[in-house]
Structures are given as C-alpha cells and as structure tokens.
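**Student:** Pasting a structure here, questions to come.
The values are calculated or read from the model by the stated rules, or taken from the named source; none is laboratory data. Computed from a prediction, not measured in an experiment: that's the story for all the values here. Positions of Cβ are generated from backbone atoms using ideal geometry, with glycine treated the same way; all protein chains shown enter the neighbour counts. For accessibility, only protein heavy atoms count, side chains too; no ligands or nucleic acids. Shrake-Rupley method; radii C 1.70, N 1.55, O 1.52, S 1.80 Å.
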Amino acid sequence: MRDRLIIGLDVPGVEEARSIVERIGDAGTFYKIGYQLAYAGGFEFASELIGQGKKVFLDLKLHDIGNTVEEGVRSIARMGVTFLTVHAYPQTMRAAVAGRAGSDLKILAVTVLTSYDDNDLVEAGYAPVAPEELVARRAEQARDIGIDGIVCAATEAPRVRGIVGRNRLIVTPGIRPAGAEAGDQKRIVTPGEAIRDGATHLVVARPIVKAADPRAAAQAIVREMTGA
Ligand code: C5P
C-alpha cells in the first residue's frame, strides 16, 4: 500500500521538497512533481529522487502537436520517471504512447479538468456537453489508444473503471483523511473510500506536506488504505 500512496510535492522550491522527503523517510516511496516545483528546479530534483530509489510522477499535463509531444515524452522516459500526465486529446495520447515505447514510463490521461463545469466547456468553445459525458468519451478513447491509466476524482473511479477495464491504472487526487481540512477540494473522499472505489494510486499533497509531522501523516494514510 505504501507504494500506492503518491505524495504531492506542492512546494515552491527544491530545498523545501528535499526537507519534506527527508522527514518522510521510508514512509514515502512515490512523489509527484507538478508545475510549481517542476519549473523551480524540479526536473533535477526528480533525477535526485530517482537516484535514491524513489518513484516520480511528473504531473506536466502535456498537450501540443503530435511530434512535439512524442519527442518530449521520449526525453522524459529517459529520465527514469514512472508516471507522466497528458491531456486526453486523441492526437496527444497517441503521440505520448509512441514516445514512451520501449521504456517503463506509464502515461496517465487527464480527461476533463475537475475545475471545469458545463459553462467552462461552452466558454472554451465546446458544444453543450456535460463534463461527465466528456470524461466517459475520453476515457473510452484513452483505453482504445492504449493509455496506461486515468487521473480522476475518486468519486468517478467506479465509472471510469467500468470503461477502462480491470488492468488500467486509476490515480485519484482529492483525498482527505477523516477530519482533515478540505481546502479548495470539492469532491473529497477518505483514503479508504478511494481504495474501495477502485483507485490503484492516491495522490495526497496538503494533508502530508503541510502536516506538523509529515512522516506520521503519510503512515496514518497508508494504514487507512491497508484497512480498506
Ligand atoms: O493538497 P491536495 O491533496 O489537495 O493536492 C492534490 C494534488 O493533486 C495537487 O497537486 C493537485 O494539483 C492535484 N490534482 C487535483 N485534482 C485534479 C488533478 C490533479 O487536485 N483533478
């Protein structure tokens, strides 16, 4: 279960990130680096983590013309990263799958950003469509293209599981241990619920990195996952 907890290093710099990883010690094996840290020395830090035997999820949500995505993913695969996100546009997903060929890198598709509702989709130029419908359609496309997994809210996990089948990864943020602050997350579930809903991996940032004792916080979450 410990390897199924991904700790989000949502911090402004490498110094803070390194200190959190040290404090967590062997209670954490898998770390997510997003925009904030990636563009502040995070790529070098990713290599440092990989050198220590940790796994890295680069949450870069790539989207560009096919050739650019394919070559970018090829470079990322050479870094030894474990998970990478791309937006679930068919051309982008096909290019990412081609770019990771021959490596252990797993590509995760982000279907519809959880901050988008019907109005945001219309504003962005889509014909009226419910976000859940677009999530389902993109999950089907991701499956058909051979994407390794989907990032979605844990509340959507059972439905997504029904679409992508038994063997694909389902990675869920929006996790809060019982009694933790929700922050800006709207559809939160506990670690136990997320596992029972079929998530293969949980992404947790603030409840661990902002905790007075990040190691104890990570251990408590792993216990809750194991109990489920
Ligand atoms: O602090 P918290 O546990 O809410 O952080 C969750 C992490 O997952 C953040 O890095 C956030 O950007 C990411 N994420 C999310 N919702 C998504 C996709 C990614 O919260 N739909």
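Listed here are the residues, each with its yes/no results for (1) of a type in the set (Gly, Ala, Ser); (2) more than 23 Å from Ala153 (Cβ to Cβ); (3) surrounded by 21 or more Cβ atoms within 10 Å (Cβ to Cβ); (4) more than 16 Å from the chain's Cα centre (by Cα).
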| position | (1), (2), (3), (4) |
| --- | --- |
| Pro12 | no, yes, no, yes |
| Asp26 | no, yes, no, yes |
| Lys32 | no, no, yes, no |
| Phe45 | no, yes, yes, yes |
| Gly51 | yes, yes, no, yes |
| Asp64 | no, yes, no, yes |
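**Student:** Let me ask something else about it. I'd like the full set of residues that are more than 16 Å from the ligand (Cβ to nearest atom) and aliphatic (A, V, I, L, M), limited to segment 87-135.
**Tutor:** Result: Met93, Ala95, Ala96, Val97, Ala98, Ala101, Leu105, Val122, Ala124, Ala127, Val129, Ala130.
**Student:** Filter segment 205-217 for residues that are assigned to a helix (DSSP H, G or I) and away from the ligand (no atom under 12 Å from the Cβ); which is surrounded by the fewest Cβ atoms within 10 Å (Cβ to Cβ)? Can you show your working first?
**Tutor:** Our first condition is that a residue be assigned to a helix (DSSP H, G or I); within segment 205-217, this holds for 206-209, 214-217.
Now drop any that are not away from the ligand (no atom under 12 Å from the Cβ), which leaves 214-216.
On the way: Pro214: 22, Arg215: 17, Ala216: 14.
Result: Ala216.
**Student:** Further question on the same structure: List the residue pairs whose Cβ atoms are under 6 Å apart, where the first residue sits in segment 147-174 and is touching a residue at least 40 places away in the same chain (Cβ under 8 Å), the second is open to solvent by 50 Å² or more (accessible area, probe 1.4 Å) and near the ligand (Cβ under 10 Å from one of its atoms), and the two are 6 or more positions apart or on different chains.
**Tutor:** Sorted first by the residue in segment 147-174, then by its partner, the pairs are Thr155/Arg187; Gly174/Gln185; Gly174/Arg187; Gly174/Ile188.
**Student:** If a residue has to be of a type in the set (Val, Ile, Thr), modelled with pLDDT of 85 or more and within 12 Å of the ligand (Cβ to nearest atom) to count, how many in segment 179-201 make the cut?
**Tutor:** Of all residues in segment 179-201, those of a type in the set (Val, Ile, Thr) come to 188-190, 195, 200.
Pick out the ones that are also modelled with pLDDT of 85 or more and you get 189-190, 195, 200.
If we keep only those that are within 12 Å of the ligand (Cβ to nearest atom) too, we end up with 189.
Counting residues in segment 179-201 that are of a type in the set (Val, Ile, Thr), modelled with pLDDT of 85 or more and within 12 Å of the ligand (Cβ to nearest atom) gives 1.
**Student:** Out of curiosity, is Ala130 of a type in the set (A, V, I, L, M, F, W, C) and modelled with pLDDT of 95 or more?
**Tutor:** So Ala130 fails the test.
**Student:** Same structure, new question: Would you pick out the residues in segment 89-132 that are in a helix (DSSP H, G or I), within 16 Å of Thr155 (Cβ to Cβ) and open to solvent by 40 Å² or more (accessible area, probe 1.4 Å)?
**Tutor:** If the condition is that a residue be in a helix (DSSP H, G or I), within 16 Å of Thr155 (Cβ to Cβ) and open to solvent by 40 Å² or more (accessible area, probe 1.4 Å), then Glu132 is the only one that fits.
**Student:** May I ask you to list pairs of residues, at least six apart or on different chains, whose Cβ atoms are under 8 Å apart, with the first in segment 122-134 being free of Cβ contacts under 8 Å to residues at least 24 places away in the same chain and over 9 Å from Val112 (Cβ atoms) and the second being open to solvent by 70 Å² or more (accessible area, probe 1.4 Å) and not in a loop (DSSP other than H, G, I, E, B)?
**Tutor:** Pro128/Asp118; Pro128/Val122; Val129/Asp118; Ala130/Asp118
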